[in-house]
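> Below you will find the structure I want to go over with you.
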Amino acid sequence: VTIIPFPQADNPVLSLGALLTSHQIEGVLVMAFYSTYGISEQLQGQGFPHVSIGPEHLPSLVHRVGSDDFQAGEKAAAYLWQVGHRRFGLVSASLRDQGHQQRIAGFRAMLQQLGGGGTAEAWQRSCVDVNPLAGQSVALEMLVGPDRPSAVVITNSQLAIGFRRGCRRLGLAIPKDISLLGFEDGDELMDIDPPMTALHQPTREIGRQAARLLLQQIAARSGGRRSGDLSAGSGKAEPIADGLLEMSLIVRESVAPPTAISQPVRKVQLPVASTTSPPLAAVRPTDPLQEDNP
């Protein structure tokens, strides 16, 4: 197995092609982010064995495996609504990433179904950088003052860890003063205090299915059985149905019924370098999905 970092050349597809030739690669697993969507499409156009791992809403791709991000967003909204929350903060990685788009879209669609279009407010923020500092910066901006959400959904685990730090700096107790729900839980959200409720991504199963599908394609291309071949060399690799796997809700200790906000939280000095987009005004869940970055 050869791990190839994302090509940094002006034309990443051509750069990747040179790398595949030089390393004599027979198949590729592409981690699908907004910067690599074109690579998956190019490999498919050339008939080169590959599997795109990540966002599922790329209809042009045949061989893809990922989690059902839209459904996961729906689960998050339904759970927080059931607990009693009606004021929500939404924090995500850049909405250029289709997986995060779908998580936010699913959350807001479920709020609409639950009748939250007239009462629930959602403060939404997307982060260019995906790290704890970015998450902390959002918390220090979003949670100041009495007009703030009672629950915040963070669609990336590193942002969630940083957001929790920001809550602590503001003196907010979790979940007494603010409830937090994260995504992409790889156990890192279990080891913080308090352990964070999260939508768990089935990464091991995604990896197994992606490897199986890639081996099928390699065997079909070679026309014979190879080591690890699961397809008997029929010449045709059948994609796994839709490639969608369900995320599971792991309930821990970071969500509780909302309490009344008694007084404003004092403003805390922000880090020198802001890693997020400008502040976003409150929007209604019935508004079209928007990102406030230009």
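> Could you identify the single residue in LEU172, LEU180 that is touching a residue at least 12 places away in the same chain (Cβ under 8 Å) and either over 17 Å from the mean Cα position of the chain (by Cα) or more than 12 Å from GLY89 (Cβ to Cβ) (or both)?
Details: LEU180 fails: either over 17 Å from the mean Cα position of the chain (by Cα) or more than 12 Å from GLY89 (Cβ to Cβ) (or both).
Going through LEU172, LEU180 in turn, just one is touching a residue at least 12 places away in the same chain (Cβ under 8 Å) and either over 17 Å from the mean Cα position of the chain (by Cα) or more than 12 Å from GLY89 (Cβ to Cβ) (or both): LEU172.
> Considering only region 127-156, how many residues are without any contact (Cβ under 8 Å) to a residue 60 or more places away in the chain, buried (at least 23 other Cβ atoms within 10 Å of the Cβ) and either over 15 Å from PHE88 (Cα atoms) or of a type in the set (S, T, N, Q) (or both)?
Count: 1.
> Looking only at region 193-232, filter to residues that are modelled with pLDDT of 90 or more and of a type in the set (A, V, I, L, M); which one of those is farthest from PRO49 (Cα to Cα)?
My answer is MET196.
> Could you please give the count of residues in region 153-168 that are within 20 Å of ALA77 (Cα to Cα) and small (Gly, Ala, Ser)?
Adding up the residues that qualify gives 2.
> Please determine, by comparing only the residues of region 183-216 that are in a loop (DSSP other than H, G, I, E, B) and under 19 Å from LEU245 (Cα atoms), which one is nearest to the chain's Cα centre (by Cα). Even if it seems obvious, please write down each step before you answer.
If we filter region 183-216 for residues that are in a loop (DSSP other than H, G, I, E, B), which is where we start, we get 184-196, 201-202.
This time we only want the ones that are under 19 Å from LEU245 (Cα atoms), so: 184-187, 201-202.
Working: GLU184: 6, ASP185: 10, GLY186: 12, ASP187: 15, GLN201: 9, PRO202: 13 Å.
Here the answer is GLU184.
The values are calculated or read from the model by the stated rules, or taken from the named source; none is laboratory data. Because the structure is predicted, anything quoted here is derived from the model rather than measured. All Cβ positions, even for glycine, are placed from backbone atoms using ideal geometry, and neighbour counts span all protein chains on display.
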